[in-house]
1. Right, residue 23: surrounded by fewer than 22 Cβ atoms within 10 Å (Cβ to Cβ), over 23 Å from residue 174 (Cβ atoms), in contact with a Phe, Trp or Tyr (Cβ under 8 Å, 6 or more places away or on another chain) and modelled with pLDDT under 95 or not?
2. Any residue at all in segment 24-40 that's of a type in the set (Phe, Trp, Tyr), under 23 Å from residue 150 (Cβ atoms) and within 17 Å of the chain's Cα centre (by Cα)?
3. Taking the stated definitions as given, is residue 68 under 17 Å from residue 164 (Cα atoms), surrounded by 17 or more Cβ atoms within 10 Å (Cβ to Cβ), of a type outside the set (Gly, Ala, Ser) and within 19 Å of the chain's Cα centre (by Cα)?
4. Restricting to segment 31-66, what's the tally of residues that are charged (D, E, K, R) and without any contact (Cβ under 8 Å) to a residue 24 or more places away in the chain?
5. Give segment 60-104 a look and list any residue that's out of contact with any Gly (no Cβ under 7 Å at 6 or more places or on another chain), over 12 Å from residue 40 (Cα atoms), modelled with pLDDT of 95 or more and of a type outside the set (Phe, Trp, Tyr), or say none.
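The values are calculated or read from the model by the stated rules, or taken from the named source; none is laboratory data. Predicted, not measured: the structure shown is a model, and the values here were computed from it. Note: ideal-geometry Cβ built from the backbone for every residue, glycine included; neighbour counts use all protein chains shown.
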Amino acid sequence: MLDAKVRPLIDPPLNAVGRALAGAGVSANALTFTGLAIGLGGAAAIASGHIGWGLALIVANRLLDGLDGAVARVRGPSDLGGYFDIVADFAFYVSVPVGFGILSAANTLPALVLVASFVLTGVSFLAFAVIAGKRGATTQAHGRKSFFYSTGLAEGTETIAVFIAMCLWPAWFAPLAYGYAALCVLTLFQRSAVAVAAFRD
């Protein structure tokens, strides 16, 4: 919901750094995999009780996620890079609630519910992208992407805001997880309604 509004604010500085990294020979895929390793490290830090470190690594992961796209825009986007990017994103998104679930037995059920909601949202996102691409649909709402990005109520910006809130107030993990899972389910219904309107023959 907020991604398209945030992009005009964050893209200029990211693009500037991206041009410098591309000029130094850094590849977008290298940033993607480095960011994934850092993000998974953040989830591991949370699981072991080092939530402050987890928060720092989550923020670092998102910075690298923005920079890999900036480098790709300079060097030229690739289908393989787009594939690695979305896989890394979903692996990271799932890892954070798993980390909280490992941290405390009280978090296990809300973490499972949140992960399940991520799976549903992710399936709807990717299915929409496949069919929209098959029909030749395009959008620039999220910048240049390797495939069609459909807008939803729960997107990357909202997810990171919730992860940061969980790290700042870990005692509130359960209500935050359940609340965001509900928003993800609403996103599934919202995207499905858009699909009905767009894909009906």
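1. Here the answer is no, as residue 23 does not meet what is asked.
2. Scanning segment 24-40, I find no residue that is of a type in the set (Phe, Trp, Tyr), under 23 Å from residue 150 (Cβ atoms) and within 17 Å of the chain's Cα centre (by Cα), so the answer is no.
3. no
4. Final tally of qualifying residues: 0.
5. Residues satisfying the conditions are 101, 102, 104.
Conditions tested, residue by residue: (1) at pLDDT below 95; (2) under 25 Å from residue 32 (Cβ atoms); (3) in a helix (DSSP H, G or I).
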residue: 145; (1), (2), (3): yes, yes, no
residue: 150; (1), (2), (3): yes, yes, no
residue: 159; (1), (2), (3): yes, yes, yes
residue: 179; (1), (2), (3): no, no, yes
residue: 198; (1), (2), (3): yes, no, yes
